[in-house]
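Laboratory data are not the source of any read-out in this text; all were calculated from the coordinates shown. None of the values given here were measured: they were computed from a predicted structure. Here the Cβ is made from the backbone with ideal geometry for all residues, glycine too, and neighbour counts use every protein chain on show.
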Amino acid sequence: MSVEQFIQGIIGGLAIGCIYSLIALGITMIIRATDILHFAQGEILMIGAMTGLSAVWMVGLPFVVVLMIGMIGGGVAAMVIELSVYRTLRSLRVPLINVVVSTLGVSIVLQNVARLVWGSEPLRYPILFSKRGIEIGGFAISPQLIWIVVLGFAMMALLQLFFRYTRLGIAMQAAAQDPEAAQLMGVNVKRITTYTFLVSGIMAGAAGVLLGSLFFASFNMGFLVGIKAFVAATIGGLGSLTGAMLGGMIFGLIETFSGVLISTAYKDAVGMVLLIVILLLAPSGIFIRAGRRI
Amino acid sequence: MKSTAIRVLILSAFVAAPFAQTNSYWLHVFCVALIGAILALGLQLLVGMAGLLSLGQAAFYGIGAYVSASLTMHFNVPFLLAFVLAGVAAALSSLLLAPIVRLQGSSLAVATLGFNIIIYLFLLNEEWATGGSFGMMNVPAPNLFGYTLAGERGMYFFCLLVGVIVYLSMDRLVRSRFGRALKAIAQDEDAARACGISINLYKSKCFLVAAFTAGIAGSLYAHQAHYLNPNDFTFNKSIEILIMVVVGGIGSMPGAVIGALIVVLMPEYLRSSGELRLILFGALVVVLMGSSRGGIAGLASMLGDLFARWHTPRKSAPEDAMP
């Protein structure tokens, strides 16, 4: 493997890793707040990609605005689903596994609604960045990948700041760590849970626009990515935000490099083997979450 | 006595089904539903009895299907032997999972899902053994003691026979020491361990039995569909089996069968609604999840209770409340 291939692998791996991280973060936030394994997170990503794409068709906006619209689309979709489905199920006090299976039902519904609205053909995103490679230290790198890495990292940094410095972010952390205590401290846990879905949907919507701009957008683009993000979150330790971020990066890098070094056919398998090995060595993932067990 | 009567009634409904509906397409769908029921029964043991959330049943289903097809096609093994060996191969491969059964809840679900993806990629890429993405064509119809089950109806009855055997074995298994140990593990692992139950051994055994069941279901599928494709054994299939179990009612063996019938037959009945059919199906899954604690089985027993209360005089009501 040449140095150029290596550097391209790093950038490409980080770019796809950022996308996994953004979804894994949402999945982790939801697990922390509600214990739900949210299998529809990939579909939220798809909704984000599709709304972003529709915005491009309608008015042809600059990339940042498209990204914003995708984020809003994902966030609103997640919040609507939480309010209409998961909150209702929780108030009926059904067992957790029922809620988990209902997320699979939601995922089926979202995919097929999207198929009705946007058709079943994969839709090509317009070129949002110049195609010409940027020269860095003598190597040509696609500017698209660099943008994805920069935006992905920026978004994760913003999320960290949000959790650390805003009232809402701190309330979310508190509600996730100990719902009863947070309620006693005057946090409206029910409302905070809805906001958690909103923020996780925003993350997934952003990931959707980034992923769509890299490949294409289609009604079934989300499910596999969502599953992989689950694996990434588990590698990081289900429930740890830092773990989800690093898990996504690690998973993206491993996928890219095993595609180059081992075989493209088995690149997904390498990640899965790694998952099983990591779970065997450290059953709670790389980053063990303090507090409540899932 | 009453439950025996109900069982006989339900069984005769299953026996009568292929005579009431002779269309070969529908017979094919009924076969698929029966195979789904066998798969759901296996997963019910894991999820409903032992509380182990597995998302990898389709891997064992696929292993069973491909082993059975290759044995009969390439090695001229008689069908019944291949059928049993398919189950054995799936069970043996579940031993690969033995180290990960000690994982808890969500981690176990994601790990079994990873296992499913690995097996799928193997089926897709190892063309020398599985035919790759072209799959395996012309898998022969089952041959039982020189008699070939060529028609859909013959196949249906064979699936029904296997289904009944699997159901009765699961029913016995649940009531045995093994089943009670699994229930104890599901309720409280530490307490079960304190009672002298070897947790990991029982969990592995449970995976073994569920994998064997999925393996023979795979064999049935291979010889019923006559064509195998790796795409039939993705984690989507695993998820479908989980939906069957949860829709039918966790912990209930009849529920697993009902859930399988719903998940297979409902999209067929909704076919007339065209593009809306999967949306309706997904919405139905969501609604069923909220409608009662125990899926269809829970709903049925709830209705049964209501009916009984309505029928019995009020005076006897306090007696029912006594433990």
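Numbers at a glance
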{"quantity": "Region B:17-130: relative contact order in percent, alpha carbon pairs under 8 Å with at least 6 residues between", "calculated": "28 percent"}
{"quantity": "Burial ordering of B:H223, B:H28, B:H74, A:H38, fewest other beta-carbon atoms within 10 Å first", "calculated": "B:H74, B:H28, B:H223, A:H38"}
{"quantity": "Whole-number percent relative contact order across chain A, with pairs defined as alpha carbons under 8 Å at least 6 apart", "calculated": "37 percent"}
{"quantity": "Mean-position separation - Cα centroids, region B:180-243 and region A:51-79, in angstrom", "calculated": "43 Å"}
{"quantity": "In range of the label at B:S12: residues from region B:154-185 whose backbone nitrogen is under 20 Å from the point 7 Å along Cα→Cβ", "calculated": "B:157, B:160-161, B:164-165"}
{"quantity": "R0 of 45 Å, Cβ-Cβ distance A:A140-A:V277: FRET efficiency to nearest 0.05", "calculated": "0.80"}
{"quantity": "Computed magnitude of the charge dipole of chain A (debye, nearest 20; Cβ of K, R +1, Cβ of D, E -1)", "calculated": "560 debye"}
{"quantity": "For peptides B:31-41, A:59-69, sequence by mean Cβ density within 10 Å, most packed first", "calculated": "B:31-41, A:59-69"}
{"quantity": "Distance from region B:245-303 to region B:90-143 (C-alpha centre basis), Å", "calculated": "26 Å"}
{"quantity": "Residues A:M203, A:M50 arranged by fewest to most Cβ contacts within 10 Å", "calculated": "A:M50, A:M203"}
{"quantity": "Spin-label pair B:F19/B:L303, simplified geometry with 7 Å Cα→Cβ offset, distance in nm", "calculated": "2.6 nm"}
{"quantity": "Gain on full stretching of the segment that runs from B:Y147 to B:L168 - 0.36 nm per residue minus C-alpha separation", "calculated": "5.0 nm"}
{"quantity": "Paramagnetic reach from A:F162 (point 7 Å along Cα→Cβ, amide N under 13 Å) across region A:42-75", "calculated": "A:68, A:71-75"}
{"quantity": "Isotropic mean projected area of the C-alpha convex hull, chain B (nm²)", "calculated": "19.1 nm²"}
{"quantity": "Number of partner chain Cβ atoms within 10 Å, mean per residue of A:91-103", "calculated": "6"}
{"quantity": "Tilt relative to chain B, helix B:253-269 - C-alpha long axis, 0 to 90 degrees, to 10", "calculated": "60 degrees"}
{"quantity": "Estimated inter-spin distance, B:H28 and B:Q187, nm [label 7 Å along Cα→Cβ]", "calculated": "4.7 nm"}
{"quantity": "Chain A: angle of helix A:241-261 to the longest principal axis, Cα-based, in degrees nearest 10", "calculated": "30 degrees"}
{"quantity": "The protein assembly as shown - convex hull of the alpha-carbon atoms, volume per residue in Å³", "calculated": "183 Å³"}
{"quantity": "Principal-axis tilt of helix A:189-214 within chain A, Cα atoms, nearest 10 degrees", "calculated": "10 degrees"}
{"quantity": "Between region B:16-53 and region A:1-45, the Cα center-to-center distance that results, in Å", "calculated": "37 Å"}
{"quantity": "Relative contact order %, region B:23-235, counting alpha carbon pairs below 8 Å whose residues are six or more apart", "calculated": "45 percent"}
{"quantity": "Highest average packing first - B:78-84, A:91-97, Cβ atoms within 10 Å", "calculated": "B:78-84, A:91-97"}
{"quantity": "A:I170/A:W57 FRET efficiency (R0 56 Å; Cβ-Cβ; nearest 0.05)", "calculated": "0.90"}
{"quantity": "Footprinting exposure proxy for B:Y156, B:Y66 (fewest neighbouring C-beta atoms within 10 Å first)", "calculated": "B:Y156, B:Y66"}
{"quantity": "Within 10 Å of each Cβ in B:268-280, the average number of Cβ atoms from other chains", "calculated": "2"}
{"quantity": "Average partner coverage of B:118-129, which counts Cβ from other chains inside 10 Å", "calculated": "3"}
{"quantity": "Viscosity 1.567 mPa s, 4 °C: Kirkwood-radius Stokes-Einstein D of region A:23-222 over Cα pairs, µm²/s", "calculated": "73 µm²/s"}
{"quantity": "Order by protection proxy (mean Cβ within 10 Å, highest first), peptides B:109-120, A:225-236", "calculated": "A:225-236, B:109-120"}
